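A short worksheet on the structure shown next.
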Amino acid sequence: MSAPTKPAGLAAANQARAERHTVRSLIKGVGFSFEGKRRGSCAVLATSRLAGEAELRNWRHHNVFPRVEKEERLQQIFAWADEHKAKGRPWGLLSPKEKVILKVLHDARDYLTGRLDFAYSQICAMAKCCTQTLSAAIKKFERLHLVEKWRRMVPIVGGELGSARNTQINNAYFLKLPGEVAKRVRDALEKVSSIVLPPVQPPRQPTEHELAAQATARAKSAGSDRTAASRHEHYANSAVEGMHARRAAPALS
């Protein structure tokens, strides 16, 4: 007895379904790198953004704070990192060199605008480290929510047809704090702001004897040491007297 054959319409539908599944698998396998990205498969260009007002606003929001807050931030960050020291490890979340790099980033920011977009070579020169150490430190800072990095690019004006339309520029960095550390910094700054300094006492008025002694000292110093005006008058009078003496002298025959 022969096996029952499927209707022609059902076989065509199954074959079309299989072809669609194959196409979707190919697209998913080949084009996975495009998922969630705005342009191209290049990791740098895909995650970069055009430079503009966005980083200027974030710089002002995250990187502009007084020196007292900067020192308090670093102190609380380092204390928080040392508290998470695991057994058998020489340090906590941040190594000594990573602490130096984080301090360099805080010191290198512009105090007025918050701008922080130095090149890797410049940061390495300031922190005295290599590029690999700096790159690993920046990645750790991003995982710990201490620093946010933006890759940036600018359009190329007058580029040739078919050439690159954008070029990469220095990254933008924003200094941030984890929730626990931010609370510690706020509490510490509130304590500093609540300190009331003692009132400044007005200067004591001198007595009559002190005023008389000061006047006597000024008169004595004026009599013993001529001022520039008195010396100028003395030299002018001497010059006039010498001129009259030469006029009165008899002429030689």
Restricting attention to the stretch 48-70, which residues are open to solvent by less than 70 Å² (accessible area, probe 1.4 Å), outside any loop (DSSP other than H, G, I, E, B) and closer than 25 Å to Thr167 by Cβ? Ala54, Glu55, Leu56, Asn58, Trp59
What number of residues within the stretch 130-160 are open to solvent by 70 Å² or more (accessible area, probe 1.4 Å), touching a helix residue (DSSP H, G or I) at 6+ places or on another chain (Cβ under 6 Å) and among the β-branched types (Val, Ile, Thr)? 1
I'd like the residue in the stretch 1-36 that is assigned to a loop (DSSP other than H, G, I, E, B) and surrounded by 10 or more Cβ atoms within 10 Å (Cβ to Cβ) and, out of all such residues, is modelled with the lowest pLDDT. Gly31
The stretch 110-129, subset surrounded by 12 or more Cβ atoms within 10 Å (Cβ to Cβ) and closer than 16 Å to Lys99 by Cα, residue farthest from the chain's Cα centre (by Cα): Cys129
Please determine, by comparing only the residues of the stretch 194-220 that are loosely packed, with under 10 Cβ neighbours inside 10 Å and among the polar types (S, T, N, Q), which one is modelled with the highest pLDDT. Thr207
Only one of (1) modelled with pLDDT under 95; (2) open to solvent by 80 Å² or more (accessible area, probe 1.4 Å) fails for Lys103. Which number is that? (1)
Would you please list the contacts, defined by Cβ atoms under 8 Å and residues six or more apart or on different chains, that run from a residue in the stretch 52-66 that is without any contact (Cβ under 8 Å) to a residue 60 or more places away in the chain to a residue that is open to solvent by less than 40 Å² (accessible area, probe 1.4 Å) and charged (D, E, K, R)? Phe65/Arg73
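The values are calculated or read from the model by the stated rules, or taken from the named source; none is laboratory data. Predicted, not measured: the structure shown is a model, and the values here were computed from it. Don't worry about glycine lacking a Cβ; one is built from the backbone with ideal geometry, like all the others, and counts go over all protein chains shown. Surface accessibility is based on the protein's heavy atoms, side chains included, excluding ligands, DNA and RNA. Shrake-Rupley method; radii C 1.70, N 1.55, O 1.52, S 1.80 Å.
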